[in-house]
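Okay, so here's the structure we're looking at.
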Amino acid sequence: MITTLHPMLNVAIKAARAAGAIINRAALDVESVRISQKQVNDFVTEVDQASEEVIIDTLLTAYPDHGILAEESGTTHGNPNSDHVWCIDPLDGTTNFIHGFPFYCVSIALISHGKIEQAVVYDPTRNDLFTATKGRGAFVNDRRLRVSKRIRLNECLVSTGFPFRPGDDFQTYLQMMSEVMQKTAGIRRPGAAALDLAYVAAGYTDAFFETGLHPWDMAAGALLVTEAGGLIGNFTGESKFLDHKECLAGNPKVYAQLVPMLQKFSKFASTAEKTSVRPSVLTLHADKDNNRAV
């Protein structure tokens, strides 16, 4: 059980639940929701915007000197020079939401002095609240989270996200998916990266990988994973991955097996790594039990 929540986490929870209420009301009549298109297959709705507005208002009312990095409004709110920046995805899984497919969430993270300190991922359809404070563990609805204990790749369930934007490298992704698919028990594509990462933290899946992601897709989920004893980085295993647009997460044993498989597809791999895979893993040292990939 969580005993005392960090005050900043409490504010983030309040913001996430307020956004979730807006999303749930809109979901009752999703066909009446106004939708616009940012680019091909990339949608934004009035619900995204209303959700983001209530989140920003809640956060800046409590912390007016903090900065904001939000999917829909960027850095136009808050203090752009602050050492404390809230990283917000008001509705991760918009395409799912538009279709009534019940897998989407609100994602809020606080990055202080370059490190993720607080995280909330809220699934309004199930009323599942995933939370983490750096160094204090990860939880869902007050239950402590731990990543899965599976070590054999052929027993593992791995989630991913398919490329969908113009210019995405579909052929390379198909090669990655082919390698992973043939060595695991199954691949799933739920469609909301923040919730995918929360599911890795909860042990519902054993690993997750995706390209084309932004910081607001990953920040909250990243802290959930590491506080639940998992590892997260880019495809070469580098821990400073938030701006790399590629993400791999998993329990330590599975992560260690996936890095050698995926690193040759990374934009950040050396020439040697791209031509011959070597088993080296760098890790994000954020979990309090000091798990290591071996």
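Checking each residue in region 224-241 for being touching a residue at least 12 places away in the same chain (Cβ under 8 Å) and surrounded by fewer than 22 Cβ atoms within 10 Å (Cβ to Cβ) picks out Glu238, Ser239. When restricted to residues that are over 20 Å from Glu117 (Cα atoms) and not small (Gly, Ala, Ser), region 223-243 contains 2.
A single member of Ala192, Ala207, Ala202 is within 25 Å of Gly135 (Cβ to Cβ), modelled with pLDDT of 95 or more, buried (at least 24 other Cβ atoms within 10 Å of the Cβ) and not assigned by TED's automatic domain parsing to the domain that holds Cys87, and it is Ala207.
Could you tell me whether any residue of region 140-150 is in contact with a Leu (Cβ under 8 Å, 6 or more places away or on another chain), β-branched (Val, Ile, Thr) and touching a residue at least 40 places away in the same chain (Cβ under 8 Å)? Spell out how you get there, then give the answer.
Looking only at region 140-150, we keep the residues that are in contact with a Leu (Cβ under 8 Å, 6 or more places away or on another chain), and these are 140-141, 145.
Next, only the ones that are β-branched (Val, Ile, Thr) stay: 140.
Those still in the list that are touching a residue at least 40 places away in the same chain (Cβ under 8 Å) too: 140.
Within region 140-150, one or more residues are in contact with a Leu (Cβ under 8 Å, 6 or more places away or on another chain), β-branched (Val, Ile, Thr) and touching a residue at least 40 places away in the same chain (Cβ under 8 Å).
Inspect all residues belonging to region 140-151 and state whether any of them is on the phi > 0 side of the Ramachandran plot and surrounded by 13 or more Cβ atoms within 10 Å (Cβ to Cβ). For region 140-151, residues on the phi > 0 side of the Ramachandran plot and surrounded by 13 or more Cβ atoms within 10 Å (Cβ to Cβ): absent. Is it the case that some residue within region 65-72 is modelled with pLDDT of 95 or more and touching a Leu at 6+ places or on another chain (Cβ under 8 Å)? The answer is yes; a qualifying residue exists.
Considering (1) touching a Leu at 6+ places or on another chain (Cβ under 7 Å); (2) part of a helix (DSSP H, G or I); (3) at pLDDT 95 or above; (4) aliphatic (A, V, I, L, M), the lone condition that Ala220 does not fulfil carries the number (1).
In the set (1) part of a helix (DSSP H, G or I); (2) among the hydrophobic types (A, V, I, L, M, F, W, C); (3) in contact with a helix residue (DSSP H, G or I) (Cβ under 7 Å, 6 or more places away or on another chain), the condition left unmet by Leu174 is number (3). Taken as a whole, region 272-293 holds no residue that is at pLDDT 95 or above, in a helix (DSSP H, G or I) and charged (D, E, K, R). From the list His99, His113, the one residue that fits, being surrounded by fewer than 17 Cβ atoms within 10 Å (Cβ to Cβ) and within 22 Å of Thr133 (Cβ to Cβ), is His113. Among the residues of region 229-256, those that are of a type in the set (Asp, Glu) and within 14 Å of the chain's Cα centre (by Cα) comprise Asp243, Glu246. Do we have Asn79 as surrounded by fewer than 17 Cβ atoms within 10 Å (Cβ to Cβ) and on the phi > 0 side of the Ramachandran plot here? Here the answer is no, as Asn79 does not meet what is asked. Every test in (1) modelled with pLDDT of 95 or more; (2) assigned to a loop (DSSP other than H, G, I, E, B); (3) surrounded by fewer than 24 Cβ atoms within 10 Å (Cβ to Cβ) is passed by Ala256 save one, and that test is (2).
The values are calculated or read from the model by the stated rules, or taken from the named source; none is laboratory data. Treat the numbers as computed from the prediction; the structure is a model and nothing was measured. Every residue, glycine as well, gets a Cβ built from its backbone with ideal geometry; the counts of neighbours run over all protein chains shown.
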